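All of the numbers you see were taken from the coordinates with simple rules; none came from a lab. Note that the structure is predicted; figures quoted are calculated from it, not measured. Methodologically, a virtual Cβ is constructed for each residue, glycine included, from the backbone with ideal geometry; neighbour enumeration extends over all protein chains shown.
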Amino acid sequence: MDRRRFLGHATLGAVAAASVSRVAIAALPEPAIQHSAQTAPPLTPPSGRPYNPVVTLNGWTAPWRMNQGVKEFHLVAEPVEREIAPGMVARLWGYNGQSPGPTIEVVEGDRVRLFVTNRLPEHTSVHWHGQRLPNGMDGVGGLTQPQIPPGKTFVYEFTARRPGTFMYHPHADEMVQMAMGMMGFWVTHPRQRHPHISDADRDFCFLLNAFDIDPGSLVPKVNTMTDFNLWTWNSRAFPGIDTLNVRKGDRVRVRVGNLTMTNHPIHIHGHEFEVTGTDGGPTRPESRWPEVTTDIAVGQMRQIEFIADEEGDWAMHCHKSHHTMNPMGHDVPTLIGIDHRGLVGRIHQAEPEYMVMGERGMADMGEMEMPLPEQTLPMMTGQGPFGAIEMGGMFTVLKVRRDQKPGDYSDPGWFKHPAGTVAHEWHGAIGEPARKDTDGKPAQPATELDVRKPDTHGHHGH
Ligand SMILES: [Cu+2]
């Protein structure tokens with residue numbers, strides 16, 4: 001608990017912490033604080049009805065206190081330090097030591113009491129996105145409750161009436177508080193067999209979020225609307241996002257919520273899945289169809305399921321290519337096909353360190369060991385068994401293994417491909433491609449491609 005006194009925003013944080021009296025805290029369930037950004041093992045329920053727990057990617061589940069049949073949780077809204085990926089720590093706002101806050105897991109029909117202590121320098125509230133609850137528990141500051149002032153603790157209480165996939169976030173100074181990382185996941189497990197909910201062998205969850213943190217700085221720019229430079233899952237960017245490790249044949253459920261300012265088409269390689277639920281509840285089986293990508297709009301949640309029946313290391317990522325990159329210069333012109341050779345020689349006479357990037361594409365960036373400023377991440381990074389993966393942001397790997405033990409979520413390492421099953425260089429004869437124009441006459445050889453950035457108001461949103 002002492003660490004809160006020196007975490008970011010120290011002055012205001014200390015004022016807030018001091019105004020919560022020890023006596024008041026003692027009457028509440030002790031808030032569990034998490035320091036690590038690693039994926040915690042699933043929390044087997046120590047009390048209450050049994051359920052098959054979820055695994056929060058680079059996160060954890062909040063423990064609870066059972067008080068006369070009521071599950072009591074204690075969330076502490078506070079400044080936190082979050083490692084976005086190895087080499088970059090950001091000062092965010094979150095709950096109980098991390099952003100996102102802990103996942104809340106309950107069972108349909110559970111009576112739930114949530115204490116929320118505000119250790120932020122401004123007021124806050126918590127909205128329980130998607131829940132059926134009494135209006136006054138909905139957490140919209142000013143509309144359904146007074147805001148929670150700094151230093152104060154409020155209590156929410158309701159029955160988790162329907163099973164499904166939910167999230168929580170402030171409904172107070174939302175633009176700032178969500179840009180700072182305040183959010184968390186909520187799963188309500190079914191009380192008994194539900195016709196539209198299958199038993200999953202592995203059940204993963206994470207939130208899509210985004211930050212705009214200038215290289216070298218620690219705190220997100222809170223006024224950014226679309227030009228975010230860190231696209232994250234649970235406030236982690238590749239290669240900081242843990243892999244989803246499953247056993248061959250497992251029924252895998254992945255629950256994803258979007259609290260960014262744009263949509264994210266989430267794509268999984270090697271398997272087809274179905275959307276089995278939204279934040280509105282489980283989908284009816286007759287409404288489902290196979291997908292390999294599902295678009296998750298702003299404020300939406302999607303629960304997808306598939307049988308992991310193909311062994312391997314399967315990419316899983318947002319399909320917006322700019323969302324699988326980490327920060328880069330925003331105004332880099334496209335130079336593909338432009339021959340710099342003469343120019344570089346002349347510039348080198350004056351500036352020997354000059355380096356041209358991008359004349360053969362940008363793949364070189366993935367391998368380039370350029371000195372980076374403090375506190376940022378390489379644009380494209382991550383080493384795989386065959387070289388640089390050239391990704392960042394919203395990217396990870398689904399690892400399907402025959403010998404992954406049930407309940408074992410540890411990383412099995414890279415896939416060992418059976419002999420003869422990896423794409424490889426062709427060593428046989430190579431003919432010239434026969435090119436024909438539409439009139440059937442042999443075509444002229446293709447001219448050198450000349451690509452230029454069309455205008456200066458181009459896309460900035462990496
Ligand atoms: Cu995306």
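General remarks:
- Additional length obtainable on full extension of the chain from D411 to R111, 0.36 nm per residue less Cα span: 104.4 nm
- Each of the peptides 127-137, 161-171, 198-208 was scored by the mean count of other Cβ atoms within 10 Å over its residues; in descending order, highest first, they stand as 161-171, 198-208, 127-137.
- Sorted peptide list for 77-85, 174-182, criterion being average Cβ within 10 angstrom, highest first: 77-85, 174-182
- When Rg and the Kirkwood Rh are both derived from Cα coordinates, the Rg/Rh ratio for the range 3-194 amounts to 0.95.
- Cα-based convex hull, the range 158-197, per residue volume (Å³, whole number): 78 Å³
- Over the C-alpha atoms of the range 204-324, the Rg to Rh ratio, Rh being the Kirkwood estimate, stands at 1.00.
- Shown here is the pair-distance distribution of the range 40-114: with all Cα-Cα distances grouped in 10 Å bins from zero up to the longest one, the shares run 18, 44, 27, 10, 1 percent.
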